[in-house]
Structure formats: C-alpha cells, structure tokens
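Below is one structure, written out as structure tokens; the observations come after it.
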Amino acid sequence: MKRVVAQGTFDILHPGHVHYLREAAAMGDELHVIVAREGNVTHKPAPVVPDHQRVEMVEALVPVDHARLGHPDDIFVPIEDIEPAVIVLGHDQHHDADAIRSALAERGIDCDVVRASARESREGEELLSTGRIIDRILEERG
C-alpha cells in the first residue's frame, strides 16, 4: 500500500484545499492528512476554526482516508508513524522541500517530497485562500 501525506492548516476550507487533497490522493493508495495545531501556526495569523473542528472537516472530504492533528513539538513524529511513500506539499506552502528532504534523511525516513500544482481559477474570481475569504467577509460584512 502506497501511503501519501498532505499537511496544512485547513482553516476555512475552499476549492484550493480540495484540489490539493485530490492531487495528493491520486499519488497513492491511502491519503493521510496532518492538520497543523493552532500553536504551531507561526507563519501566518492563527486559525479561526478550532483544531478538532478542522480535523473533522478535513476527515469528511472524499479524498482523505485519515486525518489527525500534528504533533505539538515535532512535525516528523506523525511522518514516522505513518511511513509514507510520498509527502505532498501544497503549491503555496512556505515549506522548503529540500530542507524537508534533508530532515527526513537525517531521521532515516525514505520518502519522496513533491509539490502539488496550483488550482486554476475556473469561474471569474474564485476565492482560493483562507486569507482572501476572511478579507471578503470583512469587506462585505465587517
């Protein structure tokens, strides 16, 4: 069985998330998604949606076989547990693929690291980022 891992914050779900998870799922037989804990999200504003609810929403998506919260201290602990063949990074995630490959090699974890493609906007102005969704809400209802 070829396991694939995708990871992210998944704060307010949108079509970009679905595109990423579908693409990741197509790379193997079983898709595991690691949802970042609020306390570990330091590269952007903290999530609006609570941790457990983000996991529940991601787990409900058709491409996802398993979803879990990330480890509070070490992002590689779930990777060691899952033993994936592939880790798929989102097209716009801040992670450095080469740094991840190096960290995996140091831990003796043998898996590929690839970056997903971007979803092309299909109908005019789609909202394909949580930040843009929040901005739109504030513009229209704030």
Answer with yes or no whether Ala97 is among the small types (Gly, Ala, Ser), closer than 20 Å to Glu23 by Cβ and without any contact (Cβ under 8 Å) to a residue 60 or more places away in the chain. yes
Filtering the stretch 1-21 down to residues that are surrounded by fewer than 17 Cβ atoms within 10 Å (Cβ to Cβ) and out of contact with any strand residue (DSSP E or B) (no Cβ under 9 Å at 6 or more places or on another chain), which residue is farthest from His66 (Cα to Cα)? Pro15
Inspect the stretch 45-61 for any residue being loosely packed, with under 14 Cβ neighbours inside 10 Å, more than 24 Å from Ser117 (Cα to Cα) and touching a Pro at 6+ places or on another chain (Cβ under 7 Å) and give the result as yes or no. no
Suppose we filter the stretch 53-75 for residues that are more than 13 Å from Val33 (Cα to Cα) and either touching a Cys at 6+ places or on another chain (Cβ under 8 Å) or touching a residue at least 12 places away in the same chain (Cβ under 8 Å) (or both); how many remain? 1
Single residue of Asp29, Asp92 found to be within 12 Å of the chain's Cα centre (by Cα) and surrounded by fewer than 16 Cβ atoms within 10 Å (Cβ to Cβ): Asp92
Look through Asp98, Asp51, Asp92 and report the one residue that is charged (D, E, K, R) and modelled with pLDDT of 95 or more. Asp51
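The values are calculated or read from the model by the stated rules, or taken from the named source; none is laboratory data. Not measured: the values here are computed from a predicted model. When we count neighbours, we look across all protein chains shown, and the Cβ atoms used for this are built from the backbone with ideal geometry, even at glycine.
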